């Protein structure tokens with residue numbers, strides 16, 4: 001009987017390969033979604049407000065794409081496990097063309113930098129100069145050693161060369177960084193103006209991601225105070241400024257924010273804040289004092305003033321002013337008020353001297369070119385939280401609406 005030929009799949013010498021299971025990306029955990037949301041917010045906010053920091057860094061942008069955007073929103077297709085919030089963000093991302101707009105903002109910044117002779121990132125330029133200095137100094141050393149008349153001075157030549165190799169790169173790096181910071185300050189407004197439409201659309205999407213993140217935290221019954229993050233713009237809703245922190249010397253300080261609770265959802269004991277002052281608001285115990293008729297000497301030091309205690313009606317006006325003001329800390333309060341920390345003239349309504357601890361210069365967002373000082377005191381033994389307001393000597397006039405406070 002003739003043998004029946006085996007098919008290729010039946011041939012023991014050629015077994016049928018088992019089907020290879022396609023590797024699917026691992027679904028994101030709720031914590032990972034939050035982390036990637038915050039990462040995406042940081043990148044987009046960077047692009048909108050500090051585009052020069054991302055120029056000529058394609059690998060870094062690709063990394064952001066691979067580690068944040070694709071796992072969170074998907075590539076050509078949405079992730080299988082994506083919930084309604086992520087699907088909405090994906091739809092908004094594509095509808096607003098966020099990827100193209102982001103690349104365009106960065107390209108405009110790159111074009112402006114290239115027009116002024118900058119065609120590499122700060123890191124690459126620093127590395128290039130480090131290599132030039134290191135190899136240049138080493139080359140000079142070996143050339144000098146090849147000259148017979150200099151061989152006996154080898155040790156005298158080597159040590160200056162070693163110091164040069166160690167110190168010159170740091171010096172050049174510092175110069176490059178200072179020059180770069182100055183360049184960014186000079187030309188950043190040009191980029192922001194040219195790309196205003198793209199920046200506006202990216203900001204809209206960033207706000208959507210912020211809102212989605214806050215909603216997830218609330219749904220997980222997570223205290224919003226536990227999450228703090230950096231934002232470079234102050235145009236976002238549902239977030240609250242906490243403080244600034246200095247990073248690199250010469251660079252602008254970072255602003256730290258946290259999410260605000262929706263109205264009526266804040267847990268008891270969570271204080272509100274006056275504007276961006278970092279000052280807790282306690283309406284029942286806040287006491288507002290104004291130093292009127294203030295006289296300053298040529299060095300800007302306050303010399304004379306009269307202490308005035310505001311009425312409850314005027315306190316409402318002060319609270320409205322504080323909530324609509326921007327605050328900057330004064331590093332040396334004694335430069336404006338010599339006896340700031342040894343105050344012996346400003347008393348609480350209970351006649352106890354107020355111990356001043358902090359001074360801020362405030363700029364009203366409701367009044368053009370109006371500035372004032374806010375001194376904060378320690379809680380008094382009577383339970384009051386004292387705040388002392390002082391009209392700035394630089395103001396030409398007091399706005400009519402603020403006469404009840406400062407006039």
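Bear in mind that the values in this text are calculations on the coordinates, not laboratory data. Predicted model only: the values in this text are computed from it and were never measured. Don't worry about glycine lacking a Cβ; one is built from the backbone with ideal geometry, like all the others, and counts go over all protein chains shown.
Going from the alpha-carbon gyration tensor of segment 27-220, what semi-axes, largest first and in whole Å, does one get by taking the root of 5 times each eigenvalue?
In descending order the semi-axes read 48, 20, 13 Å.
Tell me the relative contact order for segment 292-334 as a rounded percent, counting alpha carbon contacts under 8 Å between residues six or more apart.
After rounding, I find 24 percent.
How big, on average over all directions, is the shadow cast by the Cα convex hull of segment 272-406, in nm²?
Its Cα hull, projected and averaged over all orientations, spans 7.6 nm².
Counting other beta carbons within 10 Å of each Cβ, put 340, 88 in order, fewest first.
88, 340
As a footprinting exposure proxy, order 263, 225, 110 by other Cβ within 10 Å, with the fewest listed first.
Final ranking by Cβ density, sparse to dense: 263, 225, 110.
Could you put 180, 129 in order, starting from the residue whose Cβ has the fewest other Cβ atoms within 10 Å?
Least to most surrounded, the residues fall as 129, 180.
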